[in-house]
Amino acid sequence: MTHAVLSEEIPYTVEARPDTGLFNAKLGIWLFLASEVMLFGAFFSSYIMLRVGATEWPSGLLSVPMGTFNTFLLASSTITVVMAWFSLRLGDFSKFKLYQGVTVLLAVAFLVVKGFEYRDKLTHYWVRLADGTELTGHIEGRPFNWSTATLHDPAFGLTEIVFHPDAGHAHAAKGEATEAAPVATHHSLKLPVSQIERLESFGPWHNTFLALYFTMTGLHVLHVMGGALVLAYFWGPGSRMWKTDPRRFVNRVEVSGLFWHFVDLVWIFLFPTLYLI
Amino acid sequence: MPTCPFGPIGGPLMSTTVASHPGAVAEPAPHTHPEPGFLRKYVFSVDHKVIGIQYGITALVFLFLGFSLIALMRWQLAYPGQPIPVIGRLLEWMLGPEMASQGIMSPDLYNSFGAMHGTIMIFLGVVPLAVGAFGNYLVPLQIGAPDMAFPKLNAASYWCYFVGGVVMLASFFIPGGAAKSGWTSYSPLAVIADMAHRWDGQTFWLLGMVILITSSLLGSINIITTIIQLRAPGLDWMRLPFFVWAQLVTSFILLLAFPPLQAAGLMQFMDNVVGTSFFLPSGLVVAGQPLEVSGGGSALLWQHLFWFLAHPEVYVLILPAMGIVAEIIANNTRKPLWGYKSLVYGSMAIGFISFLVWAHHMYLTGMGQTISTFFQTTTMLISIPSVIILTALLVSLWGGSIRFNTPMLFALSFLPMFGIGGLTGLPLGLGATDIQLHDTYYVIGHFHYVVAPGTIFALFAGIYYWYPKVTGRMMNEFWGRVHWAISLLCMNLIFLPMFIQGLEGMHRRMYDGGATYAAAEGVAGLSQLALKLNVSISHAAWLLGLAQIPFIVNFFWSIRHGRKAESDNPWCATTLEWATPTPPPHGNFPEPVAVYRGPYEYSVPGRPRDYLMQHEPDQA
């Protein structure tokens, strides 16, 4: 029982069914996208419910320029993915390769930018001292994702950390406002480990906004990765089908393109929700 | 007009064989491709029938496991604090002394078993059997398709289900044991129940659920696409068997209702493992210590997302059952279904409204009177199509010359049992009465009437009914009736008394069956009757377990030794699955089929036979 035999047996794998006007996979992907809308819809609903119930909501934690650049990357890839499919329909395989390749590269670039954004958050710290003072800023050497446990970990052997508080004042990202910031903030501080009650990076555990940010964009990143893998497969080894079963290959590229549009669309909603409002 | 003589006792089959494909019994279907090896054929198969059987067997095993958990819990409820005979020692050896010291079920183990009983029964037992097994096996056959639209996705769906089930089962054996916060996994309890372990039972539960939801997603896309795209020529929408309609609506519910639970599951996973506070409000104190989390989450949010799935899920449990019962009733009354279109539109209405009733599980959360009023209204509305369907099935019996064979007995029992389950739900759907009844045994009685003697009876009916199509042999009629009679009796002995216990205020999660509450001074606690009922319910539950032995033996024995089905259509049915060879070969139909008529043309006046199959062209 080979793949070819099987596909011959099942009707409308390539041809559209006359009364529905769809081939099977096209209906399948639309159904899948409907369920994806419900998945992300649940996250956006949760965002609304959590934000409405929140006493305070941080703003300005994310870099709008980086987000805008990423929006530009994904929006461009939406165009190139259509160009790839359209070139294929016109029978221009080399142009398909070009546009499909550009789409994959744009996806990879998006992921790289996202990686830098995550790194920025996980090297940004909030600290609460024994006297109740709360500070936000960076630790000398920009260590990645330390926590209170790291400070007391004998493997690190830390006795003090050099802390660069954020410009302005130590803002109250958590709990009460801290008017009693001990020193002028653009100086670096030496904080003995014994004085530090709690240290955490601006990861998803830090507040509800960041929890939503990491979870929603994280799920979106998984979708970008999955989509990019499929697109790359059709650019590379999967494109051999162009020689053996060109109509089916065009269908496949169309279906993967529909998924890619959805991934872009999610980001179009994520960007203003998380970065701008 | 001669009727199909294969009645309850099994008289000789009339000489008229199935009209359309000559010599179907004897000749094997022409095979064009070489026979695949054992692994490809039975294990990693992409044939919808094999996958359906895989789903069916796995789901039956899980149903048995889920039942075993409650059978053990029933010991603790009837005889609180006493060691479970024999099995208690086994539990201690398998799960450790902290779970079952001296064979006595610990509160933690009781909670684990309770949570996993619900989870296994719903997500690993009934739905995979109703949709995975029956849907997979029958939908392509009933619509005249060679297979599902996406055979490989179909296999992937089964294997996701299998892996999800293994993850759930594995959680019993990890430190801290399986999830213990009910099948509803309410936060914050679910997150703080086991602070000692980060990868605790709840985390496994969430992982298992995410995998199971993936399985359900793949399955529902496949069923919907298959029904829309692969119907045989002439099989237009109003000629679909009602079973197919039920599967279509069910699949849409699965497709659209499960993702919010997936989202909720991912968020609770983040709470549990990464340390976020999606569902953890500020100011939580656990064991006297303030919880070091950012807080600001919402416990209500979990309930909204959970019930957004879990109420439609109730209709996922009941709609396929209604589909099975409809097929069996039409066949055994030898009459067209009464109100076919009402059934179709009724099931669509159920599918739609089921997305608008979820918060009737949450009247006691303090979400507010306005919201409660909205959900009380929609809840009353959804009872209308449910009653329409039940009425149509009931009226279908009117004037029929009913054949009381095992499938029909189970199908007929479904009607009053589902009726009791449905009607006892009304007081729960109205806020004023729900305040009294919420979280009591009344609720347990109510939804078990819907699912246990309701859906599970319909599934038994379906197994007895389609068994000859799958195996070519009939299941034993006598033992089938024994199975039916004792099961029906026990189901009522178990669930009817629960209404009394519930009205007395017995809480559904009481570890000692309410003994402490009954003995408490200064409160109007439980009566001695409620406690005695614990014992009788437990005895009935164990007898119900024993009553399944005839079924299990019958099921396996009949594969080789059952009486041979005389034709491909032993029940003289009308729908397309009976037009295939038995068992159907790979590709199902030796020749392409076309459909000429509706699904239930029984006893059409002026015809030589009392049934006309859908693919038989008009002779005139």
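Values in this text are rule-based calculations from the coordinates and carry no lab data. Since the structure is predicted, the reported quantities are computational estimates derived from the model, not experimental observations. Please note: Cβ atoms are built from the backbone with ideal geometry, for glycine as well, and neighbour counts cover all protein chains shown.
With each label modelled as a point 7 angstrom along the Cα→C-beta vector, the B:L381-A:E160 pair spans 6.8 nm. Seen from B:T365, the other residues with C-beta closer than 13 Å to its C-beta sum to a net charge of -2, counting Lys and Arg as +1 and Asp and Glu as -1.
Candidates B:M168, B:Y363, B:I143 compared by Cα position along the dipole of chain B: farthest toward the positive end lies B:I143, with charges placed on Cβ. Helix B:107-119 axis versus longest C-alpha principal axis of chain B: approximately 30°, rounded to the nearest ten.
Residues considered: A:L191, A:L88, A:L111. Largest GNM mean-square fluctuation over chain A, using C-alpha springs under 10 Å, is found at A:L191. Karplus-derived 3J(HN,Hα) values for segment A:73-78, using 6.51 cos²θ - 1.76 cosθ + 1.60 with θ = phi - 60°, are 4, 5, 4, 5, 5, 4 Hz; glycine and proline are entered as x.
3J(HN,Hα) couplings calculated from phi for segment A:197-205 with the Karplus curve 6.51 cos²θ - 1.76 cosθ + 1.60 (θ = phi - 60°) are, in sequence order, 7, 8, 9, 8, 7, 7, x, x, 6 Hz; Gly and Pro show x. Near A:E197, the amide H atoms lying under 5 Å from its own belong to A:R128, A:L129, A:A130; only residues 5 or more places off or on other chains count, and H is placed 1.01 Å from N.
Comparing A:V82, A:V52, A:V266 in a Gaussian network model of chain A, where Cα atoms under 10 Å apart are tied by springs, the biggest mean-square fluctuation is seen for A:V52. What is the calculated FRET efficiency for A:E56 to A:E140, with r their C-beta to C-beta distance and R₀ = 45 Å, to the nearest 0.05? So, using R0 = 45 Å, E works out to roughly 0.95.
Per DSSP helix of 4 or more residues, -39500 (n - 2.57); summed, then divided by the residues of the protein assembly as shown. What does that give at 222 nm, rounded to the nearest 500? Value at 222 nm, helices only, nearest 500: -18500 deg cm²/dmol. Any idea what angle helix B:151-170 forms with the longest principal axis of chain B, computed on alpha-carbon atoms, 0 to 90 degrees, nearest 10? Approximately 30 degrees, to the nearest ten.
Between B:T440 and B:R508, the built amide H atoms are under 5 Å apart, and every one of these is 5 or more places off in sequence or on another chain.
With charges only on Cβ, +1 for K and R and -1 for D and E, what is the dipole size of the protein assembly as shown about its Cα centre, in debye, rounded to 20?
On the way: 45 positive and 50 negative charges, 412 e Å.
So the magnitude is around 1980 debye.
Just to confirm a number: summing +1 for Lys and Arg and -1 for Asp and Glu over residues other than B:G525 whose beta-carbon lies under 15 angstrom from that of B:G525, what do you get? All intermediate terms of the calculation are to be shown ahead of the outcome.
Values: positive: B:K532; negative: B:E504, B:D512, B:E521.
Combined, the nearby Lys, Arg, Asp and Glu give -2.
A cut-off under 12 angstrom between Cβ atoms defines the neighbours of B:G103, and their net charge, with Lys, Arg +1 and Asp, Glu -1, is 0.
Taking 45 Å as R0, compute the FRET efficiency from the Cβ-Cβ separation of A:T68 and A:R17 and round it to 0.05. Each step should come with its number before you reach the end.
Numbers: r = 43 Å, r/R0 = 0.95.
It comes out at approximately 0.55.
Per-residue Karplus couplings for segment A:270-277, computed as 6.51 cos²θ - 1.76 cosθ + 1.60 with θ equal to phi - 60°, are listed in order as 5, 4, x, 4, 8, 9, 9, 10 Hz, Gly and Pro entered as x.
Tell me which lysines have Cα within less than 17 Å of B:K469's Cα, excluding those fewer than 8 residues away on the same chain? Within the straight-line cut-off, B:K469 pairs with B:K49, B:K564. Taking the Cα centre of chain B as reference, the dipole from Cβ charges on Lys and Arg (+1) and Asp and Glu (-1) amounts to some 1020 debye.
Could you tell me the calculated FRET efficiency between B:V523 and B:L364, based on Cβ-Cβ distance and R0 = 25 angstrom, to the nearest 0.05? Could you put the intermediate results ahead of the total?
Details: r = 19 Å, r/R0 = 0.77.
It comes out at approximately 0.85.
Across chain A, Cα pairs under 8 Å and at least six residues apart give a relative contact order of 21 percent. Which pairs, out of A:K26/B:K341; A:K95/B:K152; A:K121/A:K190; A:K114/A:K190, put more than 24 Å between their alpha-carbon atoms? The pairs that break the limit, which is 24 Å between Cα atoms, are A:K26/B:K341; A:K95/B:K152; A:K114/A:K190.
For B:K532, a cut-off of 28 angstrom between C-alpha atoms picks up these lysines, skipping any fewer than 8 places away in its own chain: B:K180. Among A:A232, A:A149, A:A107, which one moves the most in a GNM of chain A with springs linking Cα atoms closer than 10 Å? With Cα springs under 10 Å in chain A, the top fluctuation among A:A232, A:A149, A:A107 is at A:A149.
Close amide H pairs (under 5 Å, H built 1.01 Å from N) link A:R17 with A:L22, A:F23, residues at least 5 positions away or on another chain.
Each label was represented as a point 7 Å from its Cα along the Cα-to-Cβ direction; for B:L90 and A:R198 these points are 4.8 nm apart. For the protein assembly as shown, DSSP calls about 95 percent of its internal beta bridges antiparallel. When Rg and Dmax are taken over the Cα atoms of chain B, they come to 24.9, 85 Å. What is the angle, in °, between the Cα long axis of helix B:242-269 and the longest principal axis of the Cα atoms in chain B? Nearest 10 is fine, range 0 to 90. Helix B:242-269 and the main axis of chain B meet at about 30 degrees.
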